[in-house]
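Written below as structure tokens is the structure these notes are about.
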Amino acid sequence: MPIIKLDAIDSTNAYLKKLIASKTSEDFTVVVAKKQFQGRGQRGEQWISEEGKNLTFSVLKENNDLPADNPFLLNIIVSLALFNCLNNLHVPDLKVKWPNDILSGTSKICGILIENIVMGNTIKASIIGIGLNANQTIFHNVPKASSLKLLLGKTFDLDELLSELLKSLKSVFKDFQESGSEKLWEAYLEILFLKDRPATFKDTNGNRFMGFIRGVSTEGKLIIALEDNVKKEFAFKEITQLY
Ligand code: BTN
């Protein structure tokens, strides 16, 4: 597994995109940077991370061995890999907030941005971008953010942490190859934040509504039981979960 270590880059996801275009990339190539000038987050937001304090990296996954009829599976594999690794470090009260934010209690410690490289109708490769707050202790204007250091009271060696995370990622991919996706779906739903509990959401018009999370569709839509127990599916662009 090639690991490219950079001091600074716009975005490790963008770096891998260019590498794929140059056709010199290899499955499971990893790019890690001490600093990103334009770290990308979900919903077009920026991912801000203090230089040298956290893990900001991307992994290239060529999609030839992932089933096309199970597009959310990659999100599940990545979420479980991070969850398992952080659980081994004894991070308390871990949960995955749909689709794949990692929370400790109600604090976000890790964000994931998966970007697909599409050719025609098929996903040629996926770029798995991961930002894990490790040793940063001050977060300006991000009230729900936390880090491993804040939660566990010690400083982490970023190289070791990266190596543990990659090991965990490989291991969940192996589980899938050996046993299929069913168990992974079950494990994901077990750790889903606020599953079967009253939860609040906001739609694209800013309207708030309550519901119970009942599951996730194979496409990756959140299944919510609304009033009168009517179930409805929502895509990531359509709602924000408030917490
Ligand atoms: C989120 O908004 O929760 C997703 C954040 C993903 C951030 C990571 S940091 C490494 C990789 N490169 C990027 O530009 N973004 C992802």
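The values are calculated or read from the model by the stated rules, or taken from the named source; none is laboratory data. What you see is a predicted model; the values in this text were computed from it and never measured. All Cβ positions, even for glycine, are placed from backbone atoms using ideal geometry, and neighbour counts span all protein chains on display. These accessible areas exclude ligands, DNA and RNA; they are computed on the full protein's heavy atoms, side chains included. Shrake-Rupley method; radii C 1.70, N 1.55, O 1.52, S 1.80 Å.
One residue alone among G41, G52 is in contact with a strand residue (DSSP E or B) (Cβ under 7 Å, 6 or more places away or on another chain), more than 13 Å from the ligand (Cβ to nearest atom) and under 27 Å from Q136 (Cα atoms), and that residue is G52.
Of all residues in the stretch 125-142, exactly one satisfies the criterion of being crowded, with 18+ Cβ neighbours inside 10 Å and without any contact (Cβ under 8 Å) to a residue 40 or more places away in the chain, namely F139. Comparison of F193, F234, F209, F201 shows that the only residue that is open to solvent by 40 Å² or more (accessible area, probe 1.4 Å) and at pLDDT 95 or above is F209. If you go through the stretch 141-156 and keep only what is of a type outside the set (S, T, N, Q) and part of a loop (DSSP other than H, G, I, E, B), you end up with V142, P143, K144, G153, K154, F156.
Being closer than 30 Å to S217 by Cβ and in the same structural domain as L82 (by TED's automatic domain parsing) holds for only one residue in K23, K17, K34, K53, and it is K17.
Residue-wise test of (1) over 17 Å from the mean Cα position of the chain (by Cα); (2) surrounded by 17 or more Cβ atoms within 10 Å (Cβ to Cβ); (3) farther than 18 Å from I114 by Cα.
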| position | (1), (2), (3) |
| --- | --- |
| I3 | yes, no, yes |
| L6 | yes, no, yes |
| Q36 | yes, yes, no |
| R43 | no, no, no |
| K53 | yes, yes, yes |
| D65 | yes, no, no |
| A68 | yes, no, no |
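Residues in the stretch 112-124 that are within 15 Å of the ligand (Cβ to nearest atom) and either open to solvent by less than 10 Å² (accessible area, probe 1.4 Å) or closer than 17 Å to D69 by Cβ (or both): I112, N116.
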